[in-house]
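Below you'll find the structure, written out as structure tokens, and then a few comments.
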Number of protein chains: 2
Amino acid sequence: MLHILQNQIVLNQQLDCRKLSQMVDVSKILKNVSENGDQAIINYMKEFDGVSVSSIPFPIGDFTPKEKSNNTELLQATAENIRKFHQRQFPASFTFVQKDGTCAEWKWRPIERVGIYVPGGRFSLVSSLLMNVIPAQVAGVKEIAVCTPPNKNGLPNASILNACKILSINEIYSVGGAQAIAALAYGTESISSVNKIVGPGNAYVAAAKQAVSSFVGVDMNAGPTEIVIIADENANPAYVAADLISQAEHDSEAIAILLTDSNKLAESVNKQIKIQIENLSTKEIVKKSFEKHGIIFLGKTISDCVKISNKIAPEHLSIQVKNTDIYLDQLIAGAIFLGDKSPIAWGDYWAGPNHTLPTGGHAKFRGPLNTMDFMVPYSIIDASSALDTSAEKVSNLAKLEGLNGHANSVDIRRKQ
Amino acid sequence: MLHILQNQIVLNQQLDCRKLSQMVDVSKILKNVSENGDQAIINYMKEFDGVSVSSIPFPIGDFTPKEKSNNTELLQATAENIRKFHQRQFPASFTFVQKDGTCAEWKWRPIERVGIYVPGGRFSLVSSLLMNVIPAQVAGVKEIAVCTPPNKNGLPNASILNACKILSINEIYSVGGAQAIAALAYGTESISSVNKIVGPGNAYVAAAKQAVSSFVGVDMNAGPTEIVIIADENANPAYVAADLISQAEHDSEAIAILLTDSNKLAESVNKQIKIQIENLSTKEIVKKSFEKHGIIFLGKTISDCVKISNKIAPEHLSIQVKNTDIYLDQLIAGAIFLGDKSPIAWGDYWAGPNHTLPTGGHAKFRGPLNTMDFMVPYSIIDASSALDTSAEKVSNLAKLEGLNGHANSVDIRRKQ
């Protein structure tokens, strides 16, 4: 099912697909919402969602989910895992006194108001809601507004509403797409603007987030999901195949790559893929995804495979080799799944770390969504105890740069 | 010298100037450098800098600064302060075991290769070099490449070279502007591409950083520098004036705002400004800056002033009131300068925290440049000890979202 390649140049070309995704133009939508507020949103709901409303639907309060969920306990259990892990990420403030007495503090505070986008689309991404809301709550964000596309009845998906209830979120707007991002960024009559917008979305949502990022914080522009598996002859081909499939079923643009030094494994994995997708509900998407972006690359050694993986810096990296310890400290990825008993799905839902991960090689410079993404550090400087000791030095440093007003602001305090 | 206002709406309009700065178009420069590498850079050096070279100047190794600096000791002392403070910011990795045995790690590693832009222009910003290089070194970044505009002789400013020597930086290119950012992002024959680009610059540099941020990390797009001073009748007008001037001398677009409840202070500050700028070498810039963006706002109470300041969320906030403690925990700013003995210049050079701070209200969602900006966190997940206990739950969570391939990747590991 997957193309088996031995040529790294071809692999590089295949990976270039990650840079080709074209930005869509959402400037009209942004302008319209910034100028016409709620009415623009209401018009887009009619145009894009086929939903007629006279005001922005604000479901909680007006509505409680009709569908009583059996999954509350399960969602509470996974929420607890996510919460505990993200609590450990809570950053430390500190006070540092330099030897001249200058007192410098480093403090963290939660962002005041955050907007969380939860996509509708093919699957109801309850886990996405959990993974964005919980770190914001752990950070101490006071106001959390959720936007998610409406069903035909104008309301959000019932599972999303149920999960919001479990998380005690009560500001939810059933508004989707670029218009939701515009509302969160500019504010409208019904939706107050936020300081930061997080959460995945389609190309329109991504383009809108990019456009408003000049004045609102955004998390990251996530591209198609990616998995790289590094496996040797000891790996179980059924597991490897299942992991590749689980990534490919997200989206026909998803990227699934196996790097191995074993030709035997490569062929067994392809056989297993055929067997496993036979009765899979997401078979057609998986086939399309493998067709477009699925690759098995045969390296000479596992070390070679590691080098290639690090060039990719994938979102998810699974390492299913005999001695993972040899390679662990060298690997560059958003999240690393250790050994053959750690399916990616474990990290998607259960393990605790965030499943919002850098794609497109961004793991080279940024990490998973985390508690600190919902907080802001700042510094506090008190020079009063050091002024006599160090004023001359600071003044001289300013003069070095020709900034005599700076020097004066120090000197004037010495003279008195 | 500063306009005294009592109307908050006017203040808001004045502040809107922060959003009006137009992005310049650098796409031609980016394309040219990405396609033609060194030759494009060499041509731009001739066109923009008036410097004729046959290859990219790579000063260290070829050249050592002719000018022996007397300031080495001073720079070493401030570097030590910066280093000590940023060492305290080094983030903690941890391992967390969930109650079912799922092992989740959170680890930090340095970014592999970082590019640092140091502007030339009016002042030789040695402090900017220190503030960007030192956190990268503290983070453990192995490769640091510095780009800075050439003098007429094709070499960087001698002070920058001297500071590089003190910091043991030996990869320096005298290339400036958008072409430097393009070289760092795409790589050329002589300059290898980097994973993240940091450092301030003019509108061309800022636009280039924004454009390449879809595939390279960038720090922040810093706008014109800002100061807000909250002061009451107890403040010393000479100090307040000196602080406002020190910000205004950076740039005619710099924003200097005094918020006070004391009409008497407002008038005394204006008198002091007149006196202090009389013989100042940067007088003309200060005057222009005050003319365009200087405001004194008279609030009814200091609490009102705090509210306005928080709407602005300024880069630098100086609080010169009788009881700073009452307000300290409410303030939103990049860096807060406490009391009347803490000139902003102390933080620009000496105190230890970074002087690269969020502008344009971005302090609402991001903090000062810090050690973590040069590191990447990632997670490691090991489910092997929890598979038997929790596989059913994880599988059910996947099924909730209709992701049956995900469920299968868990179930298949249980069956064996």
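The values are calculated or read from the model by the stated rules, or taken from the named source; none is laboratory data. Just so you know, these numbers come straight off a predicted model, no measurement behind them. Reconstructed Cβ throughout: ideal geometry from the backbone, glycine too, with neighbour counts over all protein chains shown.
Output the qualifying pairs, or none if there are none: Cβ atoms under 6 angstrom, residues six or more apart or on different chains, first residue in segment B:73-87 and in contact (Cβ under 8 Å) with a residue 60 or more places away in the chain, second residue hydroxyl-bearing (Ser, Thr, Tyr).
The qualifying pairs are B:Thr78/B:Tyr349; B:His86/B:Thr371.
Looking at segment B:362-369, can you tell me whether even one residue there is outside the structural domain of B:Pro135 (by TED's automatic domain parsing), crowded, with 24+ Cβ neighbours inside 10 Å and without any contact (Cβ under 8 Å) to a residue 24 or more places away in the chain?
Checking segment B:362-369: at least one residue is outside the structural domain of B:Pro135 (by TED's automatic domain parsing), crowded, with 24+ Cβ neighbours inside 10 Å and without any contact (Cβ under 8 Å) to a residue 24 or more places away in the chain.
Determine whether B:Phe58 is at pLDDT below 80 and surrounded by 15 or more Cβ atoms within 10 Å (Cβ to Cβ).
So B:Phe58 passes the test.
I need the full set of residues from segment B:311-327 which are under 13 Å from A:Ser379 (Cα atoms) and not in a loop (DSSP other than H, G, I, E, B), in order please.
B:His316, B:Leu317, B:Ser318
Exactly one condition in (1) in contact with a Cys (Cβ under 6 Å, 6 or more places away or on another chain); (2) at pLDDT below 90 is not met by B:Val175; state its number.
If we test B:Val175 against (1) in contact with a Cys (Cβ under 6 Å, 6 or more places away or on another chain); (2) at pLDDT below 90, just (2) comes out false.
For residues that are assigned to a helix (DSSP H, G or I), within 7 Å of chain B (Cβ to nearest Cβ) and among the hydrophobic types (A, V, I, L, M, F, W, C), scanning just segment A:380-406, find the one that is farthest from B:Ile277 (Cα to Cα).
A:Leu387
Can you tell me which residue in segment A:381-404 is surrounded by the most Cβ atoms within 10 Å (Cβ to Cβ), limited to those that are among the aliphatic types (A, V, I, L, M) and closer than 15 Å to B:Ser281 by Cβ?
Across segment A:381-404, the extreme among qualifying residues is A:Ala398.
Checking B:Phe90 against (1) in a helix (DSSP H, G or I); (2) at pLDDT 95 or above, only one condition comes out false. Which one?
Only one criterion in (1) in a helix (DSSP H, G or I); (2) at pLDDT 95 or above is unmet by B:Phe90, namely (1).
Please specify each residue of segment B:249-267 satisfying the condition of being farther than 19 Å from B:Gly361 by Cβ and within 14 Å of chain A (Cβ to nearest Cβ).
Passing the criteria: B:Glu249, B:Ser252.
Filter segment A:260-272 down to residues that are of a type in the set (Gly, Ala, Ser) and in a helix (DSSP H, G or I), then give me how many there are.
2
Since B:Glu143 meets every condition but one in (1) in contact with a helix residue (DSSP H, G or I) (Cβ under 7 Å, 6 or more places away or on another chain); (2) in contact (Cβ under 8 Å) with a residue 12 or more places away in the chain, which condition does it not meet?
The single condition B:Glu143 does not satisfy is (1).
Tell me the residue from A:Ile257, A:Ile275, A:Ile285, A:Ile308 that is touching a Phe, Trp or Tyr at 6+ places or on another chain (Cβ under 8 Å) and in a helix (DSSP H, G or I), please.
From the options A:Ile257, A:Ile275, A:Ile285, A:Ile308, the qualifying one is A:Ile308.
Being more than 11 Å from B:Ile230 (Cβ to Cβ) and assigned to a helix (DSSP H, G or I) is the requirement here; does B:Ala363 meet it?
It is true that B:Ala363 is more than 11 Å from B:Ile230 (Cβ to Cβ) and assigned to a helix (DSSP H, G or I).
Take segment B:94-121 and flag every residue that is assigned to a loop (DSSP other than H, G, I, E, B) and free of Cβ contacts under 8 Å to residues at least 40 places away in the same chain.
B:Lys99
If you take the residues of segment B:140-160 that are surrounded by fewer than 24 Cβ atoms within 10 Å (Cβ to Cβ) and assigned to a helix (DSSP H, G or I), which of them is nearest to the chain's Cα centre (by Cα)?
B:Ser159
Taking into account only those residues within segment B:178-202 that are under 17 Å from the mean Cα position of the chain (by Cα) and not in a loop (DSSP other than H, G, I, E, B), which is surrounded by the most Cβ atoms within 10 Å (Cβ to Cβ)?
Result: B:Ile181.
Select from segment B:161-177 the residues that are within 12 Å of chain A (Cβ to nearest Cβ) and either more than 23 Å from B:Asn354 (Cα to Cα) or within 20 Å of the chain's Cα centre (by Cα) (or both) and list them in ascending order.
B:Ala163, the sole residue that qualifies.
Can you say whether A:Ala235 is in contact (Cβ under 8 Å) with a residue 24 or more places away in the chain, in contact with a strand residue (DSSP E or B) (Cβ under 6 Å, 6 or more places away or on another chain), over 30 Å from A:Leu30 (Cα atoms) and not in a strand (DSSP E or B), as far as the supplied structure shows?
yes
Only one residue in B:Pro358, B:Pro377 is outside any helix (DSSP H, G or I), more than 7 Å from chain A (Cβ to nearest Cβ), touching a strand residue (DSSP E or B) at 6+ places or on another chain (Cβ under 9 Å) and closer than 30 Å to A:Val212 by Cα. Which one?
B:Pro358
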